[in-house]
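Reading through the structure tokens given below for one structure.
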């Protein structure tokens with residue numbers, strides 16, 4: 001049985017070893033010290049994702065390759081929310097930080113579970129402009145014509161599949 005927060009071994013409150021338990025019929029790690037009561041809930045992390053349309057480059061779509069990924073593997077620009085930050089603001093900030101582009105408009109595509117990474121993906125179509133200047137998180141980007149863009153059956157690719165399907169004539 002897989003337990004939530006499997007990487008948690010010790011209690012962050014009292015430093016005692018955590019034990020596996022079923023809480024509400026779900027596997028969790030908890031502190032056996034009743035006075036402490038810590039539970040590692042293992043809830044998914046919210047992540048904002050940007051399907052970037054470069055409005056000043058004939059509307060081409062930008063996909064990015066993370067510096068840690070193998071050559072040829074591209075996806076959407078992603079990042080974490082900061083405390084008290086609205087997702088729409090976070091996605092525009094991430095686009096600026098990672099690509100140097102300025103968001104002109106932000107449109108919600110959808111929310112997607114990404115269990116492999118214990119994340120909830122909040123995906124936006126971001127119309128952006130400016131000069132592309134990659135930060136050290138990204139190795140490269142590629143621009144794709146809208147009519148050539150295709151999704152993939154994993155992670156952020158589901159949002160691309162949905163966005164492309166909504167654009168196709170009925």
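The values are calculated or read from the model by the stated rules, or taken from the named source; none is laboratory data. In this text the structure is predicted, and so the values were computed from the model without any measurement. Neighbour counts run over all protein chains shown; Cβ positions are idealised from the backbone, glycine included.
Just to be sure, is residue 68 assigned by TED's automatic domain parsing to the domain that holds residue 156, under 23 Å from residue 157 (Cα atoms) and surrounded by 13 or more Cβ atoms within 10 Å (Cβ to Cβ)? Taking the combined requirement at face value, the residue does not satisfy it. In this structure, residue 150 does not satisfy being part of a strand (DSSP E or B) and under 19 Å from residue 73 (Cα atoms).
Please determine, by comparing only the residues of the stretch 92-128 that are more than 15 Å from the chain's Cα centre (by Cα) and free of Cβ contacts under 8 Å to residues at least 24 places away in the same chain, which one is nearest to residue 160 (Cα to Cα). Among them, the one singled out is 107.
Annotation note: of 96, 142, the sole residue that is touching a strand residue (DSSP E or B) at 6+ places or on another chain (Cβ under 7 Å) and either within 27 Å of residue 7 (Cβ to Cβ) or in a helix (DSSP H, G or I) (or both) is 96. Among the residues making up the stretch 129-145, those that are touching a residue at least 40 places away in the same chain (Cβ under 8 Å) and farther than 26 Å from residue 70 by Cβ are 129, 130.
Checked against (1) under 19 Å from residue 139 (Cβ atoms); (2) under 14 Å from the mean Cα position of the chain (by Cα); (3) assigned to a loop (DSSP other than H, G, I, E, B), residue 82 meets all criteria but (1). With respect to residue 13, is the statement that it is outside the structural domain of residue 101 (by TED's automatic domain parsing), surrounded by 12 or more Cβ atoms within 10 Å (Cβ to Cβ) and under 26 Å from the mean Cα position of the chain (by Cα) true? Against the criterion (outside the structural domain of residue 101 (by TED's automatic domain parsing), surrounded by 12 or more Cβ atoms within 10 Å (Cβ to Cβ) and under 26 Å from the mean Cα position of the chain (by Cα)), residue 13 does not qualify. Before we move on, is residue 50 under 30 Å from residue 20 (Cβ atoms) and not assigned by TED's automatic domain parsing to the domain that holds residue 18? Here the answer is no, as residue 50 does not meet what is asked.
For the stretch 111-130, the criterion of being surrounded by 15 or more Cβ atoms within 10 Å (Cβ to Cβ) and part of a helix (DSSP H, G or I) is satisfied by no residue at all.
Restricting 42, 24 to those that are surrounded by 12 or more Cβ atoms within 10 Å (Cβ to Cβ) and at positive phi reduces the list to 42.
Every residue in the stretch 145-170 that is touching a strand residue (DSSP E or B) at 6+ places or on another chain (Cβ under 7 Å) and within 19 Å of residue 57 (Cβ to Cβ), please. 145, 146, 149, 160, 163 - these are the residues of the stretch 145-170 that are touching a strand residue (DSSP E or B) at 6+ places or on another chain (Cβ under 7 Å) and within 19 Å of residue 57 (Cβ to Cβ).
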